[in-house]
Amino acid sequence: MSPRNTSNMMLQLPFRTLLPFLALTFVLSWGLLFLLHAYPGEGSDIPGTVGAHHPLFILAVYAPAISAIVLVVSLTGTEGLRHYLRRVFLWRCPIPWAVFLVFGIPLLFITGAAIKGNAGTWAQPPSSPLFPLLLLALLTGPVEEIGWRGFARPLLQRKASPFFAGLVLGIVWALWHLPAFWLGGTPQSSWQFTPFFLSTVSASLIMTA
């Protein structure tokens, strides 16, 4: 399928679809995380402490994708969903951007770890817990982009420039993570929200470009 056909599919979705998408995403994610905080399950000595590998936590991370898929199917049917999911395979990226994504983004993380004195955690052997965590992150985090960048951003760009669409989406994206800062056992539980907020908005602008 050509990029034009997939873009035409998105044009079938009215701009007002953005509000139900955000509502469904936040209700599903925050609702699941609230349940995890209130009922962490057996084997936890600290209320609200769960691991990022918990099935309900992963489901909460998938909420943007689930919300987008539900709305696409309800408005365009299974044929529209097939066209929509094909957008995942549209790889149009200049070489400098590809190099930045593959090497630049990890370098930023390593630099940040070095500033905090934790750079050594990036040099652990493959048998360390770091690699399973990275694999888990690869299978969870990117899935949410089916909703954020694949659904919400094209709708925002109908009303705003790419810069402001990326800015607004970055703010929403950062606030969506808030419950994870209160839930023990998640990566965010050991972070400070303000630096995370700024870096998330910045990442949204970079991803838009």
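For this structure, a couple of remarks:
- Using 0.36 nm per residue and subtracting the Cα-Cα separation, the extra length available between Ser161 and Thr194 on full extension is 9.3 nm.
- Under Karplus coefficients 6.51, -1.76 and 1.60, residue-wise ³J(HN,Hα) of the stretch 82-98 in Hz, glycine/proline x: 4, 5, 5, 5, 5, 4, 4, 9, 8, 9, 10, 9, x, 4, x, 5, 4
- Count Lys and Arg as plus one, Asp and Glu as minus one, and take only other residues whose Cβ is under 15 Å from that of Ser204; the net charge is then 0.
- Pairwise FRET efficiency - Leu85 versus Ile58, Cβ, R0 = 25 Å, nearest 0.05: 0.80
- Compared with the direct C-alpha span, the chain from Gln12 to Thr78 gains 22.4 nm at full extension, assuming 0.36 nm per residue.
Laboratory data are not the source of any read-out in this text; all were calculated from the coordinates shown. Keep in mind that this is a model prediction, so the values were computed, not measured. Note that we place each Cβ from the backbone using ideal geometry, even for glycine, and neighbour counts take in every protein chain shown.
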